[in-house]
1. Can we say Ser157 is small (Gly, Ala, Ser) and within 15 Å of Ser173 (Cα to Cα)?
2. One residue is enough: does the range 273-282 have a residue meeting the conditions in a helix (DSSP H, G or I), β-branched (Val, Ile, Thr) and open to solvent by less than 60 Å² (accessible area, probe 1.4 Å)?
3. Please verify whether the range 235-245 includes one or more residues that are closer than 18 Å to Glu337 by Cα and modelled with pLDDT of 95 or more.
4. If you go through the range 27-38 one residue at a time, do you hit one that is part of a loop (DSSP other than H, G, I, E, B), within 23 Å of Phe172 (Cα to Cα) and open to solvent by 40 Å² or more (accessible area, probe 1.4 Å)?
5. Only one of these conditions is not met by Gln27: (1) in contact with an Asp or Glu (Cβ under 9 Å, 6 or more places away or on another chain); (2) among the polar types (S, T, N, Q); (3) over 19 Å from Gln244 (Cβ atoms). Which number is it?
6. Could you list all residues from the range 61-102 that are in a loop (DSSP other than H, G, I, E, B), within 13 Å of the ligand (Cβ to nearest atom) and either of a type in the set (A, V, I, L, M) or free of Cβ contacts under 8 Å to residues at least 40 places away in the same chain (or both)?
7. Restricting attention to the range 167-183, does a residue exist that is within 17 Å of Ala45 (Cα to Cα) and at pLDDT below 90?
8. What are the residues in the range 137-153 that are part of a loop (DSSP other than H, G, I, E, B) and farther than 17 Å from Asp197 by Cβ, if any?
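The values are calculated or read from the model by the stated rules, or taken from the named source; none is laboratory data. Remember, predicted model here, so these are calculated numbers, not experimental data. Note that we place each Cβ from the backbone using ideal geometry, even for glycine, and neighbour counts take in every protein chain shown. Quick note on the areas: whole protein, heavy atoms, side chains included, nothing else; ligands and nucleic acids left out. Shrake-Rupley method; radii C 1.70, N 1.55, O 1.52, S 1.80 Å.
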Amino acid sequence: MILFPFTAIVGQDKMKRALILNAISPQIGGVLIRGERGTAKSTAARALAALLPEIQVVQSCPYHCDPAAPETLCDECREHLARDGKLSSMTCLTQFVDLPVSATEDRVVGTLDIEQAIKKGERHFEPGVLAAANRGLLYVDEVNLLDDHVVDLLLDSAAMGVNVVEREGISFSHPARFILVGTMNPEEGELRPQLLDRFALCVEIKSIPEPAQRVEILRRRIAYEQNPAQFYRRWQPQERALSQRIGQAQRLLPQVAYDERDLTAIAELTSEMQVDGHRADIVILKAALAQAAFEGRQGIREVDILQAAELALPHRFKKKPFQETELQFERLEKRLELSRADVCIDSEVQALPEDVKKKPLTLTP
Ligand SMILES: [Zn+2]
């Protein structure tokens with residue numbers, strides 16, 4: 001099936017930015033997308049996974065270990081490497097793993113066969129969803145309807161980059177670094193505040209009110225439905241460009257530096273905005289680093305910090321009357337507007353291909 005291209009999604013810039021930043025740096029810790037039905041939440045997550053650069057994996061490893069990163073290998077790959085001196089690798093696409101809302105703990109973390117371990121002294125592990133999601137994108141639709149305990153496990157794993165399974169004194173672990181994307185429709189129930197805060201970024205999305213943009217959404221949807229392959233070809237240059245840019249940012253990220261001033265700027269911002277707890281500060285730093293890498297820079301600017309805050313703060317304001325929170329957020333947006341002058345990642349993500357701009361789309365192929 002040919003998916004609707006990520007770069008062809010109209011508007012929803014914050015959502016697109018939050019997804020891109022997590023793709024550059026999954027250590028940010030995931031994004032929660034809140035919004036009503038039919039707002040392209042799942043389309044965007046699937047489309048992002050589809051455009052991400054291909055990865056090198058160890059052949060037949062259930063965790064898609066990276067042969068170029070020995071420190072992140074699973075136990076089995078580590079043993080193979082020690083025994084044979086090398087690992088056979090292959091290229092594969094970034095996995096998109098969809099977590100069913102009925103998923104149980106065993107299904108998510110995998111199962112350890114205790115009987116085998118006790119009888120034969122063999123460790124036998126049946127990999128779960130977290131194994132399949134390693135180095136991929138884990139999509140959790142309606143995360144608010146999932147069992148709290150399972151959400152807890154997902155968030156733990158996303159934060160630590162490892163899945164640890166313990167049963168009756170026997171323990172097994174494997175790498176589990178993934179881009180976590182959760183979605184929810186607030187009309188169908190809220191997420192517990194303790195869980196909400198552990199999603200690094202949060203974006204609220206709404207239907208687009210402007211008629212011109214709605215027309216563009218309609219146009220693209222029709223063109224896609226009529227001929228998905230042709231529509232994809234039209235957007236391929238944009239898709240490829242964004243994919244390459246994300247790949248470059250991933251490689252640049254370890255070199256992006258920050259200094260005392262950046263930390264002070266973050267701390268002053270969160271203190272001024274009266275943010276609950278300290279998790280927001282680290283999330284803002286990680287997201288700002290990814291943002292700078294996306295811009296091809298090796299240092300953070302104020303605009304990176306403010307743009308990161310825009311995604312890291314909406315779900316972390318102290319419990320206050322709604323209007324006060326709104327006011328605080330408006331102040332943040334104002335400051336962002338002022339410092340945005342020379343940076344706008346969205347202008348590129350948003351750019352239309354020339355032929356789409358010029359050619360009116362007709363209803364007959
Ligand atoms: Zn492995």
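1. yes
2. No, every residue in the range 273-282 fails to be in a helix (DSSP H, G or I), β-branched (Val, Ile, Thr) and open to solvent by less than 60 Å² (accessible area, probe 1.4 Å).
3. no
4. no
5. The number of the failed condition is (1).
6. Cys61, Pro67, Ala68, Ala69, Leu73, Leu87, Ser88
7. no
8. Passing the criteria: Asp141, Glu142, Asp147.
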